[in-house]
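Read through the structure below, which is laid out as structure tokens, and then see the notes.
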Amino acid sequence: MSTPFLLHYAASLVQALLDEDLIEIRAGQEEVVVRYLAKELQLRGEGRSLISCTSQALLRCDQVEELFADDDEIKELVQDIGRR
């Protein structure tokens, strides 16, 4: 089970990526991607860069058809999420 922080981070970021057309997710699978990302960050993220772990997890996720954002774009989105 992922922490509430990681679930919130994942949900906010996936929505931001969708809003900016920077990710393609199989229809109806957005929540699966959110849970997968949060779980991967919990399992593999400790002591590593949050941004690179995020992009790597999204690329590994079977429900993600295409990720158009690079690490710099993801970092900008994360910073924008933090300002809301």
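Assorted remarks:
- Candidates Gln56, Gln29 - the one that is over 19 Å from Asp71 (Cβ atoms), among the polar types (S, T, N, Q) and out of contact with any Asp or Glu (no Cβ under 6 Å at 6 or more places or on another chain): Gln29
- Residues in region 27-45 include none that are within 13 Å of the chain's Cα centre (by Cα), in a strand (DSSP E or B) and of a type in the set (D, E, K, R).
- Region 46-82 - residue that is acidic (Asp, Glu), surrounded by 12 or more Cβ atoms within 10 Å (Cβ to Cβ) and in a helix (DSSP H, G or I) and, of those, modelled with the lowest pLDDT: Asp80
- Count - residues of region 16-45 that are exposed (fewer than 14 other Cβ atoms within 10 Å of the Cβ), of a type outside the set (D, E, K, R) and touching a residue at least 40 places away in the same chain (Cβ under 8 Å): 0
The values are calculated or read from the model by the stated rules, or taken from the named source; none is laboratory data. Keep in mind that this is a model prediction, so the values were computed, not measured. We place every Cβ from the backbone using ideal geometry, glycine too, and count neighbours over all the protein chains shown.
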